[in-house]
Every structure is written in structure tokens, then in C-alpha cells.
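The values are calculated or read from the model by the stated rules, or taken from the named source; none is laboratory data. Treat the numbers as computed from the prediction; the structure is a model and nothing was measured. Neighbour counts run over all protein chains shown; Cβ positions are idealised from the backbone, glycine included.
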Amino acid sequence: MTRASETRNPASPQQAEATSGHVRNLALLWAGQFVNTAGLMMLVPIMPFYLEQIGTSGVAETQTWAGVAIAAPALALTVVTPLWGRLGDRIGRKWMVVRALLGLAVAMVVMATAGSPALLVVGRLLQGTLGGVVEAAAAFAGSTGSDDKRGSALGKSFSATAAGALAGPIAGGLLVGSGGLPQLMLGIAGIATAIAVACAWALREPGRIAQHRTGTKPDERQRPSVLRVPGALPLATAAVGVYFGVYGLIPVYAEHVEGIVAERGSASLWVGVLHSVMWSATLLGSFWWGKRNDLTGRPLRAFALAAGGCAAAIALVSLPLDPYAMIPLRLVQGFCFAALAQSLFLHFSKHAPAERKSGVVSTANSYLLIGQSAGPLLAGPMVAMLTTPSTVLIMAGACGLGCLLAIKPYLDERRSHDEGLSETRPIPAVASQRGGGTAVPLRGWPTGSRHHASRYAAPWDRGDSPTSASRQRRA
């Protein structure tokens, strides 16, 4: 049984160009995020050593400045990310990527020339205020491309973050003793500027081109709030909690490892090794989670599972384990961590209107940044009041709270997903070889997911005929 329909045109040169442009976009975004994260993370493990080189003295002063400098970019990003996101919806997400890369270059120059801890903190604040390459690139990837491939795009995008977090500390650790960190920062500034120029020339944003051609403009008064995204409030709290736990572990982890390693001099080596192990797992997990989200269409399930995995791995770290026994725990934590941000961004972008995707994704990222900045700032006072294992358990509890808060939105997501499968998907039309017509097969009867076996059954097989009705009455 068929019906007439319009003929579907074959793939046009414009569509082929759009496909190649998507690959080019991902390559540029990957390069930008890698450079940004490498520049951001290169100082984190070695911040106390670098601060001593530029003027701090004493453990208390050095640790205080180190905590402020580590948290400064996240604090600034928490405030400005939603503002940059809304501006990106107005002038184009592409230009937010270019702006962030140029801001990173300026911040790296300030940090390279800083001769005091205060100037270094200023540079770190600029890195958060003017930078935000990862956030801008994630908003771009989450708002462009086809819906069925958006999860993979976000996964590939976040793999650059993991690669930069792995390479940056290694480069910083190799150069901190020789005094070559300022030269490395200037090199990163130059690379960021070059990538910014390349993005301005080659980055394409199909969504805004289509909007410009139709001549439509969103009504500012009718723009929906981000709170209209399903499960926005519990997911916001869950995002804060899980990132509070993951990033709050960073300043505590070194002291915890030092307390269980027999040889004091090898503690720093083990901290670096376990740091690399975690981010290596994050790098590999980013691709897997992205494809998984596209396959299942349930990013909140991935978020809840990953938050629970991080909670379990961090809780076991609190035990006095041998460093070798911590390697599988760090692998699990890194693999699960790879799913958190990209799954959250995918959920928010799926439920945001096209003209507001950048702002909505940026707002979702600000929830993560709150936890990312609050965790390290509060970890120090917790260690002073409690034992190190107790503080680690608190971080695990924060991740566990994030998992529990994500369960209700996940159940709603599953219910909505099942309802979306309750009707048969239309079978694609096939162009005829004669006459230019198109044959469209019968789409089938609407049916629940539990009735797949009888979807194409005849009425008398489904109990809809008068004969079967009379049989049921006699029975």
C-alpha cells in the first residue's frame, strides 16, 4: 500500500560541503580546547613550586596563594560564562570561540611576565574572564551538527580537554626546574593566536546561516528560561555536587598519597603517575560516552551512572591502599568523569531552542564551574578540621549526592524516550526509477513499545474484528 509523495532530491554539493565543514569544525575546536586546557592545567600540580620562584616564602603563604590561583579561573568563568553564551546567541558562537582563544593568548602573556603572586592571580583571572575556550567550543559543538551525531561531537570535543589536561602538567613539570615556564606560556599564547585566526577564517556555523537566510529573529520577550529544561533544578544541584567532589579531591589527593607512600621522595612521582592515569582514561572514555549517548538517546542515564562511578572510586581511595592498588580506581574515576559534562550539555542542548542553545549550554556549564571552584577552596579548611580520609569521603559523598539527584530526571527521560517509541517511525521514501514519483510504504499502526510483535498484524489477529469480539463475549 503506497501513496504519492514528492521526490527526494539526491545529496547536493552543499550537503557534501556541510559534511566536510563539520569535520573541519571539529578539528579546529579540538585544537583550541587542547591548547587552552594545556595552558590552564600546566601550573596546577606545580603551582606551589612556581609561586616560590616568583616570590612566596613559607608553607602557609605558598599554599594560600596556590589555592587562590588554582580556583581563580573557575570563579571568573562561573560569572561570565552565561553572559558570553547569550552574546554568542546574538553575534554567533563562532566568534565566541575566536574571542576565547584571543583572551587565552592575552592571559598567558600576563602570566608569563608576572613577577609576583598577585600578578599571576590577575593573569589566572583573565584566563577565566576572557578565555573559556572549552566552554565556547562545547556550546558550539552542542548547538550545531545533526541531532543524531551531537553526542559524538561533544565526546570528541571533550577528548581534547582530557588530552590537554594530560599533556600540560607533563610539560610544566619538565620545565619548572629549568625556569622555562614563561617561554612555554608565550609559546601557548602564540599558538592560541594562530588557532584563533584559523577559526575566524574556516569555522562554519550552519545554524546561523540558515537563520539568516530565513530572515527570522527570535523574540527576546518570548525566550524560554533555562529552568524549562526538564529536570533543570535537580540537575544543576547534581552538577555542582559531582564537580565539587571530583575537583575538591585534587588538593587533598597529594597529601593523602604522601601519607601512604613509604618513601617520602616518591610521593610526588606517584601523584603525577596517578594524575596521568586518570586523564588517560578520561581521554579514551570521552569517545565512548559520546557514541553511547547518540546510540541510547539517554544522556541523563550516562550522567547518573558516571556520578555513581566517581563516588565509588573516590570512596575507595580513602582507604590506606598501596599506590599500585589505586591505579584501577583512578582508571574508573577518569572513565566516569569523561561522561559528566558532555552528557549534561547534550541534555540541555536537546531541550533548548535553536536560537538559545549557546546560552543554555553555557548556563549548564556554570553549574559545573560552581562545584569546580568551591571544591578546591573548601578542601583546605576541611583537611585542617578533619582527617584527610574523612575529607576524601566527603568528596565521595558529594558525587553520590549528584548521582541521587540525577535519578529522578533520568526516570523522566526514560519515560519520555519510551513514549517517543510508542509510534512506528516512518519508513524512508524510495525514489522510483520511472516517472520521477516516490513510493512511500505503509507506516504501520500506532502501537506501544510492548506491542511490537503485533504491529503489522491483521485486525482479526489483534482482536478488533466482530468475530473475535463475539468470541471474547462467549468466553
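Of all the residues in segment 73-116, those that are in contact with a Gly (Cβ under 6 Å, 6 or more places away or on another chain) and among the aliphatic types (A, V, I, L, M) number 11.
Find the residue count for segment 350-364, including only residues that are closer than 15 Å to P409 by Cβ and either surrounded by fewer than 24 Cβ atoms within 10 Å (Cβ to Cβ) or touching a Ser or Thr at 6+ places or on another chain (Cβ under 8 Å) (or both).
Applying the first criterion (closer than 15 Å to P409 by Cβ) to segment 350-364 yields 350-351, 364.
Next, from what is left, pick out any that are either surrounded by fewer than 24 Cβ atoms within 10 Å (Cβ to Cβ) or touching a Ser or Thr at 6+ places or on another chain (Cβ under 8 Å) (or both): 350-351.
Number satisfying all stated conditions: 2.
Right, R86: farther than 30 Å from V252 by Cβ and modelled with pLDDT under 85 or not?
Details: farther than 30 Å from V252 by Cβ: yes; modelled with pLDDT under 85: yes.
Judged against the criteria, R86 is a match.
Scanning segment 51-81 for residues that are farther than 16 Å from L40 by Cβ, within 29 Å of the chain's Cα centre (by Cα) and surrounded by 20 or more Cβ atoms within 10 Å (Cβ to Cβ) yields one hit, W65. Scanning segment 308-356 for residues that are β-branched (V, I, T) and free of Cβ contacts under 8 Å to residues at least 60 places away in the same chain, we see that the one that is farthest from V246 (Cα to Cα) is I327.
State yes or no: is V106 on the phi < 0 side of the Ramachandran plot, surrounded by fewer than 21 Cβ atoms within 10 Å (Cβ to Cβ), assigned to a helix (DSSP H, G or I) and at pLDDT 85 or above? First the steps, then the outcome.
On the way: on the phi < 0 side of the Ramachandran plot: yes; surrounded by fewer than 21 Cβ atoms within 10 Å (Cβ to Cβ): yes; assigned to a helix (DSSP H, G or I): yes; at pLDDT 85 or above: yes.
In short, yes.
Report the residue count in segment 130-182 for those that are under 18 Å from S362 (Cα atoms), modelled with pLDDT under 65 and outside any helix (DSSP H, G or I). Within segment 130-182, residues that are under 18 Å from S362 (Cα atoms), modelled with pLDDT under 65 and outside any helix (DSSP H, G or I) number 2.
Only one of these is assigned to a loop (DSSP other than H, G, I, E, B) and under 29 Å from G172 (Cα atoms): L321, L329, L269. Name it. Result: L321 is the single residue among L321, L329, L269 that is assigned to a loop (DSSP other than H, G, I, E, B) and under 29 Å from G172 (Cα atoms). Residue selection: E61 satisfies the criterion of being under 30 Å from L269 (Cβ atoms), in contact with a Leu (Cβ under 9 Å, 6 or more places away or on another chain) and among the charged types (D, E, K, R).
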